[in-house]
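Below is one structure, written out as structure tokens; the observations come after it.
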Amino acid sequence: MRKWMFLCVALLLMIMTGCSQEAGTGVSGPSTIQKVIDKKKLVIGTSSGYFPFEMKDKEGKFVGYDMDLGTAMANALKVEVEFKDFSDFGGLIPALQTGDIDMVISGMTIRGDRALAVSFSDPYYSSGQVVMVPKKDSTTQSWKDLDQPGKKISVGQGTTGALLAKQLFKNAQVMDFDGFTNAALAVKQGQADALIFDEPGVRVFEIMNADSVRGVYEVLSSENLGIALPLNDQATIQWVNSFLASYRNGLDDQTSTNKWFKSNEWINQVQQQ
């Protein structure tokens, strides 16, 4: 009798916890990676305008370091790749949660608050936050020089730079803009006194706008960039991490790194900001 009661309780617990859950995935039903294979398409969410990670060339095609990474993943899976652009960086995680996209590759910093909503891959790039000011500002050497009443600091809404700026600046006004491009243009056009953003993006924007802005390369914080994946989708996380282990520092990654970070020949081929 006790054995029968134990089996009944065990069966009830299986039903309550969702016995339809696919073993090892951590999510109900097939894993995202299996769905990608089945539909023969990988849909990647991104927010173009973050140089040199995600951009559009003059023909409207997505290009950049993150695009190369996403394309290499699709090739490894032998599926088509589609990049879905979000003008609002903050819209990427909700789109992943609703299944509108399969993953996010968009220079996204691995953060604890984000990890409550999505799972992250192992890091694929290390970066840091720096300051950009107008060219005519020849005195600013540190973010501390800008923390004064009346100063305006532009940030991309939802970015790590925005979070950091709101923690650092006690006197200056922090202004949210829709994406890096608009935040950077605010400095270029005199609407803001400085920008806080990732170093690679600032360096490229400075190259493209050397007559109007300059970078202050005091690293305010360091962080790792990761691929955002559906929360607790273990099968997908495992596949992506295995892929990154073979891709990072390999021939394709080195070619992409040399093209986007160690050369500026591509700058005239992309849409200017």
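The values are calculated or read from the model by the stated rules, or taken from the named source; none is laboratory data. Source: prediction; values computed, not measured. Quick reminder, even Gly has a Cβ in these numbers, built from the backbone with ideal geometry, and neighbours come from all protein chains shown. Just the protein is used for accessible areas: all its heavy atoms, side chains included, with ligands, DNA and RNA removed. Shrake-Rupley method; radii C 1.70, N 1.55, O 1.52, S 1.80 Å.
Hey, among the residues in the range 159-173 that are touching a helix residue (DSSP H, G or I) at 6+ places or on another chain (Cβ under 7 Å) and open to solvent by less than 40 Å² (accessible area, probe 1.4 Å), which one's farthest from V270 (Cα to Cα)? Explain how you work it out, then say what you get.
Initial filter on the range 159-173 (touching a helix residue (DSSP H, G or I) at 6+ places or on another chain (Cβ under 7 Å)): 159, 168, 172.
Still in the list and also open to solvent by less than 40 Å² (accessible area, probe 1.4 Å): 159, 172.
Details: T159: 23, A172: 34 Å.
Among them, the one singled out is A172.
Taking only the range 239-261 into account, find how many residues are within 15 Å of D122 (Cβ to Cβ), of a type in the set (S, T, N, Q) and more than 19 Å from the chain's Cα centre (by Cα). Write out each step before concluding.
Of all residues in the range 239-261, those within 15 Å of D122 (Cβ to Cβ) come to 239-250, 253.
When the remaining residues are screened for being of a type in the set (S, T, N, Q), the result is 241-242, 246, 249.
If we keep only those that are more than 19 Å from the chain's Cα centre (by Cα) as well, we get 242, 246, 249.
Looking only at that region, the number is 3.
Pairs are defined by a Cβ separation below 7 Å, a sequence spacing of at least 6 or placement on different chains, a first member in the range 213-228 that is within 30 Å of D100 (Cα to Cα) and without any contact (Cβ under 8 Å) to a residue 24 or more places away in the chain, and a second member that is surrounded by 18 or more Cβ atoms within 10 Å (Cβ to Cβ) and of a type outside the set (A, V, I, L, M); no pair meets this definition. Collect the residues in the range 51-66 that are surrounded by 24 or more Cβ atoms within 10 Å (Cβ to Cβ) and over 18 Å from M208 (Cβ atoms), keeping them in residue-number order. The one that is surrounded by 24 or more Cβ atoms within 10 Å (Cβ to Cβ) and over 18 Å from M208 (Cβ atoms): D66.
Name the residue that is least open to solvent (accessible area, probe 1.4 Å), counting only residues in the range 208-236 that are charged (D, E, K, R) and under 30 Å from T140 (Cβ atoms). It would help to see each step written out before you state the result.
First, pick out the residues of the range 208-236 that are charged (D, E, K, R): 211, 214, 218, 223, 233.
Still in the list and also under 30 Å from T140 (Cβ atoms): 211, 214, 218, 223.
Numbers: D211: 130, R214: 42, E218: 66, E223: 19 Å².
Within the range 208-236, the match that is least open to solvent (accessible area, probe 1.4 Å) is E223.
In the set (1) of a type outside the set (G, A, S); (2) closer than 27 Å to L77 by Cβ; (3) in contact (Cβ under 8 Å) with a residue 24 or more places away in the chain; (4) open to solvent by 40 Å² or more (accessible area, probe 1.4 Å), T257 fails one condition alone, (4).
Scanning the range 262-273 for residues that are within 21 Å of the chain's Cα centre (by Cα), exposed (fewer than 14 other Cβ atoms within 10 Å of the Cβ) and in contact (Cβ under 8 Å) with a residue 12 or more places away in the chain yields a count of 1. Any chance the range 189-197 includes a residue that's of a type in the set (F, W, Y) and either under 17 Å from the mean Cα position of the chain (by Cα) or open to solvent by 20 Å² or more (accessible area, probe 1.4 Å) (or both)? Yes: the range 189-197 contains one or more residues that are of a type in the set (F, W, Y) and either under 17 Å from the mean Cα position of the chain (by Cα) or open to solvent by 20 Å² or more (accessible area, probe 1.4 Å) (or both).
Taking the numbered list (1) closer than 10 Å to S106 by Cα; (2) open to solvent by 10 Å² or more (accessible area, probe 1.4 Å); (3) of a type in the set (S, T, Y) in turn, S87 passes all entries but (1). The set of residues from the range 113-155 being under 24 Å from the mean Cα position of the chain (by Cα), open to solvent by less than 30 Å² (accessible area, probe 1.4 Å), at pLDDT 95 or above and within 20 Å of V219 (Cα to Cα) comprises Y124, Q129, V130, V131, M132, V133, I153, S154, V155. Examine the range 164-181 for a residue that is more than 28 Å from R114 (Cα to Cα) and touching a residue at least 24 places away in the same chain (Cβ under 8 Å), and state whether such a residue exists. Checked against the condition, which is being more than 28 Å from R114 (Cα to Cα) and touching a residue at least 24 places away in the same chain (Cβ under 8 Å), the range 164-181 yields no hits at all. Screening the candidates F180, F205 for the property of being farther than 19 Å from D145 by Cα, under 16 Å from the mean Cα position of the chain (by Cα) and either of a type in the set (S, T, N, Q) or buried (at least 18 other Cβ atoms within 10 Å of the Cβ) (or both) yields one hit, F180. Can you spot a residue in the range 182-202 that is at pLDDT below 95, in contact with a Gly (Cβ under 9 Å, 6 or more places away or on another chain) and among the charged types (D, E, K, R)? Looking for residues that are at pLDDT below 95, in contact with a Gly (Cβ under 9 Å, 6 or more places away or on another chain) and among the charged types (D, E, K, R), one finds at least one in the range 182-202, hence yes. Please enumerate the residues belonging to the range 189-220 that are among the small types (G, A, S) and within 21 Å of S106 (Cβ to Cβ). Selection gives G201 alone. Within the range 237-252, the set of residues being open to solvent by less than 90 Å² (accessible area, probe 1.4 Å) and touching a residue at least 12 places away in the same chain (Cβ under 8 Å) comprises I237, W239, V240, N241, F243, L244, A245, Y247.
Working only within the range 58-76, note down all residues that are under 17 Å from S121 (Cα atoms) and either in contact with a strand residue (DSSP E or B) (Cβ under 8 Å, 6 or more places away or on another chain) or assigned to a loop (DSSP other than H, G, I, E, B) (or both). Selection gives Y65, D66, M67, G70, T71, M73, A74.
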